[in-house]
């Protein structure tokens, strides 16, 4: 019987070789084949390729490199300036006052700068703004060198810098749409935003090292920042000018109103911008409190700030790069909610951190959350907006930095009254609450069922006539 059953067993085995794979939902085990392993590797490679897809465009690589170099100088300034202000004033309010000018200019000039970005050459705007910033850095370095620097001059400097940043920020992001195909705009903006996190890890360390250097100091640091910007300005002429958008050549105020109403009439954009505004206003000013936290709580000189906060930049770069491929996928909203809560959690944990050593992983969490939150939010805002509105919509993403300066003044004064760590707890918990509420609303919103350009045409039809009537000169 055993001999007679042997051919049947062999026949059954041969038949099993030719059976189709088990249908989905059936029980059983399937042995992974070489083909499935190859497909898995191809999927991994495709995912990695999707994350860095915009780097396949040569002009984008150059734009990314020049942007990173320029922001290296900016990151050094954001480390050196609070330290200089704290040394001059000796309290958190002095730091907040010195940093306030930056955001005030962003808030009032940013929207108009976005409207101009849509109608002028992007390269020309960037060159002019960076030239002015380089001159500003050189003047601050000279005032420090001759011993005439004061907190009020730092405030004037940041006010001027904020006005320049109001043009460079929207121009750099909107410039991406001029040098990459339309399908890569979201990926390009995400990679550009992630690239800005790399200077956040290196810039603070360089700034602190320059402050310690015996023959450089704060004045030499500002001269080096100016030199870096000069190099990027010369290199910018290798880039194309950047074509202006096809927008009506009317009043800038009218174009600004059109951009604001366009963003307001799209619910998803409205929630994204509100989240960016409120989370940045509550959690963002933590940077103003860090010099006082080091000196008043940990007993460490404030000029060590960059040497302690370097993990923040590492987390920003690594995590920000990881989420670049999430833009435009179904996971984007969920990751955005998680990372905004991570930012608030990190700020709140600073309020219970016992020493500078424990502070290292906490600032890594802050950098990771802030980078991923800002990268995803900004990329989704631009991806979901029409190309001709990119400059104006991008300018709206910089308004939170202006509001952050106003709230930073308040948080700085409260920190001088109740202590740095208590204020950090309040800031972090507020950011978490805002993230949970607005993030849940965004998760429950449906994806628009109409094309973006159709929505734009409807907005323009409803808006252009009343705005034109208001702007028309009265007889």
query: Which shape class applies to segment 267-397: rounded if a/c is under 1.5, otherwise prolate when a/b exceeds b/c and oblate if not, where a ≥ b ≥ c are the square roots of the Cα gyration tensor eigenvalues?
result: prolate
query: Between residue 406 and residue 440, how many nm apart are label points set 7 Å from Cα along the C-beta direction?
result: 2.8 nm
- request: Taking 7 Å along the Cα-to-C-beta vector as the label spot, tell me the residue 150-residue 124 distance in nanometres, rounded to one decimal.
  value: 3.9 nm
- request: With a Förster radius of 30 Å, plug the Cβ-Cβ distance of residue 360 and residue 425 into 1/(1 + (r/R0)^6) and report the FRET value to the nearest 0.05.
  value: 0.95
statement: Most exposed first, judged by fewest Cβ atoms within 10 angstrom, 191, 438, 429, 238 run 238, 429, 438, 191
message: Between segment 345-403 and segment 145-223, what is the separation of their alpha carbon centroids in Å?
response: 16 Å
task: Provide 420, 386 in ascending order of the number of other Cβ atoms located within 10 Å of each residue's Cβ, fewest first.
output: 386, 420
statement: Distance in nm between residue 65 and residue 143 label points, each 7 Å along Cα→Cβ, equals 3.5 nm
field: Packing-based exposure ordering (other Cβ within 10 Å, fewest first) of 383, 173
entry: 383, 173
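Rule-based calculations on the coordinates, nothing more; no lab input. Just so you know, these numbers come straight off a predicted model, no measurement behind them. Counting neighbours? That spans all protein chains shown, and the Cβs are built from the backbone with ideal geometry, glycine included.
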